[in-house]
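Chemist: Please read through the structure below; I'll follow up with questions.
The values are calculated or read from the model by the stated rules, or taken from the named source; none is laboratory data. Remember, predicted model here, so these are calculated numbers, not experimental data. Virtual Cβ from ideal backbone geometry, glycine too; neighbours counted across all protein chains shown.
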Amino acid sequence: MYYDKEFLNRNTENISKLGENEKAWQLTREWFSHVSLFEYSYHFTWLGLPIIQFPQDILALQEIIWQVKPDLIIETGIARGGSLIFSASMLELLGGDGQVLGIDIDIRKHNREAIESHPMAKRITMIEGSSVDEQVVSQVYDFAKGKQKVLVLLDSNHSHNHVLAELKAYTPLVSVGSYCIVYDTVVEDMPADYDWQGRPWGKGNNPKTAVWEFLKENDNFEIDKTFQNKLLITVAPDGYLKRIK
């Protein structure tokens, strides 16, 4: 890294203090709840396609990809394709033959066409089907054979049981030192009366509760709180899972 040890140590200390600052977290929760009423995460694109993420988490993912240098990024949940394009563009910057594998239960025609016609399409493969279907999981494992550094991003159905099944299915593929990032754990932190518009998740039934249950039975991973502490604004509190062994 280009910066000196003093700079790194000061940053590390301030990030830790920020993560312990309840006033900062209170303001963050209030801000987050308010802007979510306006579908804030839908407002951004990456190289022309909607990415449907908070800018802060996009920046954190950039840091992780540059640090880990994966040769495969697996993403559950494709939506409008911006996240696949982001991952592919980062791998393009790294050079080499890194690939992105996206999985979605419903890849709509116009989204598929937009992704397949993009300059980054050469690094992207898509599988249509449920991310927890045994046949889909088998296809993913076949695709991952021979890969040395694997990063996994979970961002499909946000219900507890689905995310827990994804964690059990895909975390064995994550290489030591890499991450499984579980998005939308913030659902657990939203106001109890928040309107999820009929979706089958909410407080007590969401990605964060799945992460908590998963970690009770799996000590290969730990929550890397550095990211939530320095971001504050994140859809993935307790969702940055680092494989430590």
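Chemist: Of all residues being within 16 Å of the chain's Cα centre (by Cα) and of a type in the set (Lys, Arg) in region 193-237, which is nearest to Thr12 (Cα to Cα)? Just the residue, please.
Modeler: Here the residue is Lys225.
Quick grid of which residues meet (1) within 17 Å of the chain's Cα centre (by Cα); (2) farther than 25 Å from Phe44 by Cα:
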{"site": "Ile65", "(1), (2)": "yes, no"}
{"site": "Ser83", "(1), (2)": "yes, no"}
{"site": "Phe86", "(1), (2)": "yes, no"}
{"site": "Gly96", "(1), (2)": "no, yes"}
{"site": "Leu101", "(1), (2)": "yes, no"}
{"site": "Lys109", "(1), (2)": "no, no"}
{"site": "Ala121", "(1), (2)": "no, no"}
{"site": "Ser130", "(1), (2)": "no, yes"}
{"site": "Glu134", "(1), (2)": "no, yes"}
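Chemist: Name, by its number, the condition in (1) of a type in the set (A, V, I, L, M, F, W, C); (2) part of a loop (DSSP other than H, G, I, E, B); (3) touching a helix residue (DSSP H, G or I) at 6+ places or on another chain (Cβ under 8 Å) that does not hold for Val176.
Modeler: Going through (1) of a type in the set (A, V, I, L, M, F, W, C); (2) part of a loop (DSSP other than H, G, I, E, B); (3) touching a helix residue (DSSP H, G or I) at 6+ places or on another chain (Cβ under 8 Å) one by one, Val176 breaks only (3).
Chemist: Hey, any hits in region 203-219 for a residue that's β-branched (Val, Ile, Thr) and under 17 Å from Gln53 (Cβ atoms)?
Modeler: no
Chemist: Still on this structure, I have one more. How many of the residues in region 46-57 are farther than 16 Å from Leu154 by Cβ, surrounded by 15 or more Cβ atoms within 10 Å (Cβ to Cβ) and out of contact with any helix residue (DSSP H, G or I) (no Cβ under 6 Å at 6 or more places or on another chain)?
Modeler: Total satisfying the criteria: 0.
Chemist: Identify all residues within region 1-15 that are modelled with pLDDT of 95 or more and polar (S, T, N, Q); write none if there are none.
Modeler: Passing the criteria: only Asn14.
Chemist: Something else about it: So, Ser16, is that one surrounded by 10 or more Cβ atoms within 10 Å (Cβ to Cβ) and more than 14 Å from Gln228 (Cα to Cα) or not?
Modeler: no
Chemist: Does Gln67 satisfy the criteria of being out of contact with any helix residue (DSSP H, G or I) (no Cβ under 9 Å at 6 or more places or on another chain), polar (S, T, N, Q) and either within 19 Å of Gln228 (Cβ to Cβ) or in contact (Cβ under 8 Å) with a residue 24 or more places away in the chain (or both)?
Modeler: Here the answer is yes, as Gln67 does meet what is asked.
Chemist: Across region 201-216, which residue is modelled with the lowest pLDDT among those that are over 27 Å from Gln139 (Cα atoms) and part of a loop (DSSP other than H, G, I, E, B)? Walk me through how you get there before you give the answer.
Modeler: Residues of region 201-216 over 27 Å from Gln139 (Cα atoms): 201-205, 209, 212, 216.
Okay, now just the ones that are also part of a loop (DSSP other than H, G, I, E, B), so 201, 203-204.
On the way: Trp201: 85, Lys203: 89, Gly204: 91.
Ranking the candidates gives Trp201 first.
Chemist: Here's another thing I want to ask about it. Listed residues Asp193, Asp142, Asp219; which is charged (D, E, K, R), assigned to a loop (DSSP other than H, G, I, E, B), farther than 20 Å from Ile65 by Cα and without any contact (Cβ under 8 Å) to a residue 24 or more places away in the chain?
Modeler: The unique qualifying residue is Asp193.
Chemist: Step by step: first the residues of region 138-164, then only those that are farther than 17 Å from Gln99 by Cα and among the hydrophobic types (A, V, I, L, M, F, W, C), then the one that is farthest from the chain's Cα centre (by Cα). Which residue is that?
Modeler: Of the residues in region 138-164, the ones farther than 17 Å from Gln99 by Cα are 138, 155-164.
If we keep only those that are among the hydrophobic types (A, V, I, L, M, F, W, C) as well, we get 163-164.
Values: Val163: 12, Leu164: 15 Å.
The qualifying residue farthest from the chain's Cα centre (by Cα) is Leu164.
Chemist: If you don't mind, another one. Please identify the pairs in which a residue from region 163-183 that is farther than 14 Å from Ile65 by Cβ has its Cβ atom under 6 Å from the Cβ atom of a residue that is assigned to a helix (DSSP H, G or I) and at pLDDT below 95, counting only partners at least 6 apart or on another chain.
Modeler: Pairs that qualify, where the first residue is farther than 14 Å from Ile65 by Cβ and the partner is assigned to a helix (DSSP H, G or I) and at pLDDT below 95: there are none.
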